[in-house]
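Derivation of every value follows stated rules applied to the coordinates shown; laboratory data play no part. Computed from a predicted structure; not experimentally measured. As a convention, Cβ positions derive from the backbone with ideal geometry for all residues, glycine included, and neighbour counts pool all protein chains shown.
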Amino acid sequence: MPTATASASAVTVPLLDLKAQYATLRAEIEPVIKEVIESQYFIGGPHIEQLERETATYCQTRYAIGCANGSDAILLALQALDIKAGDAVICPSYTFFATAGSVHRLGATPVFVDCEDSTYNICPESTRAAFCCHKNIKAILPVHLFGQAADLDAMLAIGKEFGVAVVEDAAQAIGTEDAHGQRVGSRGVIGTFSYFPSKNLGGFGDGGIITTNDEALAQRMKRLRNHGMEPKYYHDEVGINSRLDALQAAILLVKMRHLDAWSSGRQRNAAFYGEAFAAAGARVSGTAFDRDSLPLRTPKPAVKGARHIYNQYTIRVPAYMRDAVRQDLAERKIGSEIYYPVPLHLQKCFASLNYAKGSLPRAEQAALETIALPIYADLLPAQLQHVTTSVIESVRMRATNAQ
Ligand SMILES: Cc1ncc(COP(=O)(O)O)c(C=O)c1O
C-alpha cells in the first residue's frame, strides 16, 4: 500500500474514487476498447461469451448470461420461473429498490420481510412467518446486502419446505462466499448480479449477469434477454431487449483480473476500521446501544469459512446523531451515504400494499441509523486514519452533547 504524506487536515476521502482506479487500469483498458471498436462487433460476440464463461467459473456455476443491468437480471430470472401477475415474491424491505421493483414490473406483488440487526440481511424467521399470511408466494429473493452472504442454508430450507424457488439477488456480492465457502449465486436456482459502476466489479455504464446451474433456465433466460427470440425472428414468448454491450464485456474482463485483489483490499480496510473503532469502544452491529460502549456499531465480520467482500462498509449510530455525524464527516471532506433511508415497505409507490409504520421495525430502525463509509481498495493509509479519527471524534462529541 502506498504511503500518503499529506497531513490529516488536508486529506479528502470521497465515498468512491473511480478515477483513482482507472488511473491504475488505463494501460490495460484502452487497448481492449480500441479492439472492440476496430472489430465493430458491439452486440454479442467473443467478449460477451468469454465474460459469461469466466463469470460462470468465478461464481461456481455452469452458466452465466449477460444482460443490460442488475435490475433486468432479476426480472429475467423471475420471468424464467414463470412468475407473473397474481403471484407474490418474498423480498427484504431493507435493500435497493430494484429488488422489489423487478417483482412489480412483472405484475407480481413483493411481500416485504424484516432484516437481521447484525448483518441487515433478510431475516429467516420473518421469511417463514410471511408464508402464514400471504397467498401465491412463488419465490424468495434474498439479497446479499453490502457484500455479505444472507443465510442461504435457512433460505433454501424455507424454499424447500414451502416448495418455492430461491433466487439470489447478488448485485452487491460478486465473489462473496457463504459459511460453506460457496460463492453466492450458485446455491439458489438463479443468481443475479449488477455491473453498476460503483459495484466491486463495475463497468463503464450499466450491465448485469445471471448465473444458474439449470440448462433449461439458462436457455430460456438467453432467449428472454433478446425479445424471446429463437431462432432469429421467431418468438414463442415475449422477452425484452436486455443485452450486455461487447464494450462493457471487454472492460469487465480486464477488471475481473483485479477483482480478488480489490476485495482483499476492502477486507484489509474493513479490518483497519474495525480495530480502530473497537479500540475506541465501539461494538459489532447487533449489539444494542448502551451506557458502557461508544454508540457506534461496526459491520458484523464474516462468519467462519465465509467471505465478505465489503461492497459497502456500513456503520450504525443512534438515530438522533446520524445526520450530524454525516455533516461532521462532510466538513472534514469525507464522503458517506445512507443505504437506505426509506425501507421499501414504506415507499410511497408501495402504499397500496398497506404496510404500516412499525410493521418491520428492524428495517425501519436500520434506515434511521446506518452510514456507509469509504471502503474501496485504493484508500491510502492517511485516508483510512482520517476516516477513523473523524468518526470517533464526531460520535464522542455528539454523544457528549446529548447528555
Ligand atoms: C441489491 C441490488 N439489487 C439490484 C440492483 C440493480 O442493479 P442495476 O443498477 O445494475 O440495475 C442493485 C444495484 O444497485 C442492488 O444494489
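Once you keep just the Cα pairs under 8 angstrom separated by 6 or more residues, what percentage relative contact order results for segment 22-253? Please report the intermediate quantities before stating the final value.
Numbers: 509 pairs, mean separation 60.3, N = 232.
Computed over segment 22-253, the figure is 26 percent.
For Ala85 and Ala216, calculate 0.36 nm times their separation in residues minus their Cα-Cα distance, and state this gained length in nm to one decimal. Numbers along the way, then the final one.
Working: separation 131, 0.36 × 131 = 47.16 nm, distance 2.26 nm.
Computed gain between Ala85 and Ala216 is 44.9 nm.
In segment 259-402, taking the dipole from charged Cβ atoms about the Cα centre, the farthest positive-side position among Val325, Leu294, Leu344 is held by Leu344.
Any idea what the relative contact order of the chain is, in percent, if you count C-alpha pairs under 8 Å spaced at least 6 apart? Spell out each step's value before the answer.
On the way: 844 pairs, mean separation 90.0, N = 403.
22 percent.
Fully extending the segment from Asn354 to Phe272, taken as 0.36 nm per residue of separation minus the present Cα-Cα distance, adds 25.2 nm.
With a Förster radius of 30 Å applied to the C-beta separation of Asp290 and Gln327, the computed FRET efficiency comes to 0.75.
Stretching Thr12 away from Glu393 to a fully extended chain increases their span by 135.5 nm, per 0.36 nm per residue minus the current alpha-carbon distance. Modelled this way, with points 7 Å down the Cα-to-C-beta line, the labels at Ala27 and Ser118 are 4.5 nm from one another.
With +1 on each Lys and Arg Cβ and -1 on each Asp and Glu Cβ, and nothing else charged, work out how big the dipole of the chain is about its Cα centre, in Debye to the nearest 20.
Charge dipole of the chain: 400 debye, to the nearest 20.
Spatially, segment 18-42 and segment 334-403 are offset by 35 Å when compared through their Cα centroids.
Please pull out the direction-averaged projected area of segment 259-402, using the convex hull of its alpha-carbon atoms, in nm² to one decimal place.
Details: hull surface 41.2 nm².
Result: 10.3 nm².
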